[in-house]
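Chemist: So that we are looking at the same thing, I have put the structure below in structure tokens.
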Amino acid sequence: MRGRDWINQILPDELILDIFRHLESKSSRDACALVCNRWLRLERLSRLTLRIGASGCPDVFIKLLARRFVNVRNVFVDERLSMSLPVPLGRRRGTDHSVISALKIHSLAETNGSEDNETESYCLSDAGLASVAAGFSKLEKLSLIWCSNVTHVGLRSIAEKCIFLKSLDLQGCYVGDQGLAAVGEFSKQLEDLNLRFCEGLTDAGLIKLVDGSGKTLKSISLAACAKVTDTSLEAVGSHCRSLESLSLDSECIHDKGVLAVAQGCPQLKVLKLQCVNVTDGALQGVGTCCLSLELLALYSFQIFTDKSLYAIGKGCKRLKSLTLNDCTFLSDKGLEAVAVGCTGLTYLEVNGCHNIGTCGLESIARSCTHLSELALLYCQRIGNFALSEIGKGCKFLQALHLVDCASIGDEAICSIARGCCNLKRLHIRRCYEVGNKGIIAVGENCKFLTDLSLRFCDRVGDEALVAIGEGCSLHHLNVSGCHQIGDAGIIAIARGCPELSYLDVSVLQDLGDMAMVELGEGCPLLRDIVLSHCRQITDVGLSYIANRCTLLETSHMVYCPGITAAGVATVITSCTNIKKVLVEKWKVSPRTKRRAGSIISYLCVDL
């Protein structure tokens, strides 16, 4: 900086810290930290969230982070993700050389050690959790995803020292009953708890936790905990009077447990159930006791019937979101009961409920006039007239998802387009009766549409996309498998949708380089493009995308015979923001691999 440093002289620390807090991306914060020593110090003080993967030596890495970022409130550790070191392993002024030396030693150990030791070194251990506890005393949210080496010892250190902890995610961890007991003993402000796939837990641990922390708990998630039974839910019902959200996925839970929660947790607002042994009795209890329920999601229920939905419609007048997934014995009558009783419904998903048909959806259209999102998946009995009624009655609809609905065609889509002018998102997949006529109506009437997906809709062609390009300004477009679409349709999109950021044109056999040229000229904000199985696209068309769409981050181009190693190299060299390229292995030259091996993925390594 030439001349006087006016910013640092005039602005106090508090104001700069406030500016840093408004920076959303990590890259922006990192860039600010490089301006000067003062900004580096202040940025470290303002950093509230850390996300850590599993590469290198996470235990030592956490020690380094704890010394740098003392005000961190949220720590996310996900061992499915990779992690890079914060500094090079060479000498650097101001670095903690003891930590860097440890990382060097670890790197050598990885090179010379056994496979088992290497795998273990990539996993966060109790020592790492102890470092979290010691370094982040103000911790409020801790997420440990699939941290298989963490035990009750590490969890106890967190519970003892992080007294402000409000959210704890232990998905896939084997902490055992002793760990949960420690959390119950010390974490008196805990509000959110995720125990999905914690196979080592039993009723004893969960009971001790809710006995100690139940007064503040607002959200509990349980899945695949085979030794957690109705006994635990009875304890939840007795101690968690403030519980607002419960998610259960278990074969060991029966009516008794769900009823205990319904009767003991009057503030319950969210209930998600995937419990094959739960019957009508439990849902009737929910309808009677949970009068504040706003979201209900029922998955894979083979036992309960319309009686459950009668109870929900009668008692849960505040219900706004309903998901019915593979609920075989539900019929139109049950859905009609919900429609009449829960008129404030804004979200409805019906997936694989084969006894729900046109009549059920008609009742939703008549009664739930504030419906904003509708998803119909594998609903063979729902036809055009049902969606015509939705178009007439649900003027606030903003999102429509249709998958494998064989009886829905252009007539329905035209009615939606004319009646739901506020539609912003339309996703249609394998609805073979939908063609140009319906999509043209969408382009003419739905001026706010920004997200359109028409996957494997064989009757949709260029004429439909011309109307969309003239009437809508899309951000996302997926026309994968729509074989009638060629250059003319995509060119219309390129000329009419300058804000397009995502495009999937995979399996379009007639799409060629002319469309790619127009996309390069007209869509400078394009970030993600899928070109796989496009046999007419060559290196020439790809070069226009690479050179003009400078924000491009991902490119999928497998099974494109016209794209060669030269085209792949062009994408790598021209797109400075590229993060992922999916291509056949033989199309990547040694030079390209050396330059960008970390961002290249191979669909089939032997191709």
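Chemist: In the range 469-500, which residue that is open to solvent by 10 Å² or more (accessible area, probe 1.4 Å) and among the aliphatic types (A, V, I, L, M) is nearest to Cys446 (Cα to Cα)?
Modeler: Ala492
Chemist: Would you point out the residue of the range 365-386, among those that are within 28 Å of the chain's Cα centre (by Cα) and of a type in the set (A, V, I, L, M, F, W, C), that is farthest from Ser331 (Cα to Cα)?
Modeler: That would be Leu371.
Chemist: OK, next. Pull out all pairs, ordered by first then second residue, where Cβ-Cβ is under 7 Å, the residues are six or more apart or on different chains, the first lies in the range 331-352 and is in a helix (DSSP H, G or I), and the second is open to solvent by 10 Å² or more (accessible area, probe 1.4 Å) and of a type in the set (Ser, Thr, Tyr).
Modeler: Between residues of the range 331-352 that are in a helix (DSSP H, G or I) and residues that are open to solvent by 10 Å² or more (accessible area, probe 1.4 Å) and of a type in the set (Ser, Thr, Tyr), the close pairs are Gly334/Tyr310; Ala337/Tyr310; Ala339/Ser367; Val340/Ser367.
Chemist: Looking at the range 130-138, can you tell me whether even one residue there is closer than 28 Å to Lys256 by Cβ and touching an Asp or Glu at 6+ places or on another chain (Cβ under 9 Å)?
Modeler: The answer is no, given that none of the residues of the range 130-138 is closer than 28 Å to Lys256 by Cβ and touching an Asp or Glu at 6+ places or on another chain (Cβ under 9 Å).
Chemist: For the range 430-468, which residues satisfy the criterion of being open to solvent by 60 Å² or more (accessible area, probe 1.4 Å) and either of a type in the set (Phe, Trp, Tyr) or touching a Lys or Arg at 6+ places or on another chain (Cβ under 8 Å) (or both)?
Modeler: Across the range 430-468, the qualifying residues are Arg430, Tyr432, Glu433, Phe448, Arg455, Phe456.
Chemist: I've got another one for you. Filter the range 548-560 down to the residues that are within 21 Å of Gly481 (Cβ to Cβ) and not β-branched (Val, Ile, Thr), then identify the one that is surrounded by the most Cβ atoms within 10 Å (Cβ to Cβ).
Modeler: Across the range 548-560, the extreme among qualifying residues is Ser555.
Chemist: Which one is farthest from the chain's Cα centre (by Cα), of the residues in the range 259-280 that are open to solvent by 30 Å² or more (accessible area, probe 1.4 Å) and within 18 Å of Phe329 (Cα to Cα)?
Modeler: The selected residue is Thr279.
Chemist: Ok, one more. Residues that are surrounded by fewer than 21 Cβ atoms within 10 Å (Cβ to Cβ), more than 18 Å from Ile312 (Cα to Cα) and hydrophobic (A, V, I, L, M, F, W, C): does the range 349-372 have at least one?
Modeler: Taking every residue of the range 349-372 in turn, at least one turns out to be surrounded by fewer than 21 Cβ atoms within 10 Å (Cβ to Cβ), more than 18 Å from Ile312 (Cα to Cα) and hydrophobic (A, V, I, L, M, F, W, C).
Chemist: Checking the conditions here, which among Ile545, Ile572, Ile529, Ile537 is more than 23 Å from Ile493 (Cβ to Cβ) and open to solvent by less than 40 Å² (accessible area, probe 1.4 Å)?
Modeler: Going through Ile545, Ile572, Ile529, Ile537 in turn, just one is more than 23 Å from Ile493 (Cβ to Cβ) and open to solvent by less than 40 Å² (accessible area, probe 1.4 Å): Ile572.
Chemist: Sticking with this one: Just the residues that are over 17 Å from His254 (Cα atoms) and open to solvent by 30 Å² or more (accessible area, probe 1.4 Å), please, taken from the range 196-237.
Modeler: Arg196, Phe197, Glu199, Gly200, Ala204, Ile207, Lys208, Asp211, Lys215, Thr216, Lys218
Chemist: Give me a count of the residues in the range 266-298 that are among the small types (Gly, Ala, Ser) and either free of Cβ contacts under 8 Å to residues at least 12 places away in the same chain or in contact with a helix residue (DSSP H, G or I) (Cβ under 9 Å, 6 or more places away or on another chain) (or both).
Modeler: Total satisfying the criteria: 4.
Chemist: Right, something else. If I go through the range 323-347 residue by residue, how many of them are closer than 19 Å to Phe304 by Cα, open to solvent by less than 30 Å² (accessible area, probe 1.4 Å) and among the hydrophobic types (A, V, I, L, M, F, W, C)?
Modeler: 7
Chemist: OK, next. Among the residues of the range 535-556, are any closer than 24 Å to Met514 by Cα and among the basic types (Lys, Arg)?
Modeler: Among the residues of the range 535-556, at least one is closer than 24 Å to Met514 by Cα and among the basic types (Lys, Arg), which makes the answer yes.
Chemist: Considering (1) part of a helix (DSSP H, G or I); (2) more than 26 Å from Tyr174 (Cα to Cα), say which one Arg241 fails and leave the rest.
Modeler: (1)
Chemist: I've got another one for you. Scan Leu503, Leu508 and give me the residue that is surrounded by 20 or more Cβ atoms within 10 Å (Cβ to Cβ) and within 26 Å of the chain's Cα centre (by Cα).
Modeler: Only one candidate passes the filter, namely Leu503.
Chemist: Next question. Would you check which residues across the range 5-39 are farther than 17 Å from Arg68 by Cβ and either touching a Ser or Thr at 6+ places or on another chain (Cβ under 8 Å) or of a type in the set (Ser, Thr, Tyr) (or both) and list them?
Modeler: Arg21, Ser25, Ser27, Ser28
Chemist: Same structure again: Only one residue in Lys320, Lys256 is under 23 Å from Leu361 (Cβ atoms) and open to solvent by 60 Å² or more (accessible area, probe 1.4 Å). Which one?
Modeler: Only one candidate passes the filter, namely Lys320.
The values are calculated or read from the model by the stated rules, or taken from the named source; none is laboratory data. Predicted model, so just to flag it, every value in this text is computed and none were measured. Glycine gets a Cβ as well: all are built from the backbone with ideal geometry, and neighbour counts include every protein chain shown. Ligands, DNA and RNA are excluded from the accessible area calculation, which covers all protein heavy atoms including side chains. Shrake-Rupley method; radii C 1.70, N 1.55, O 1.52, S 1.80 Å.
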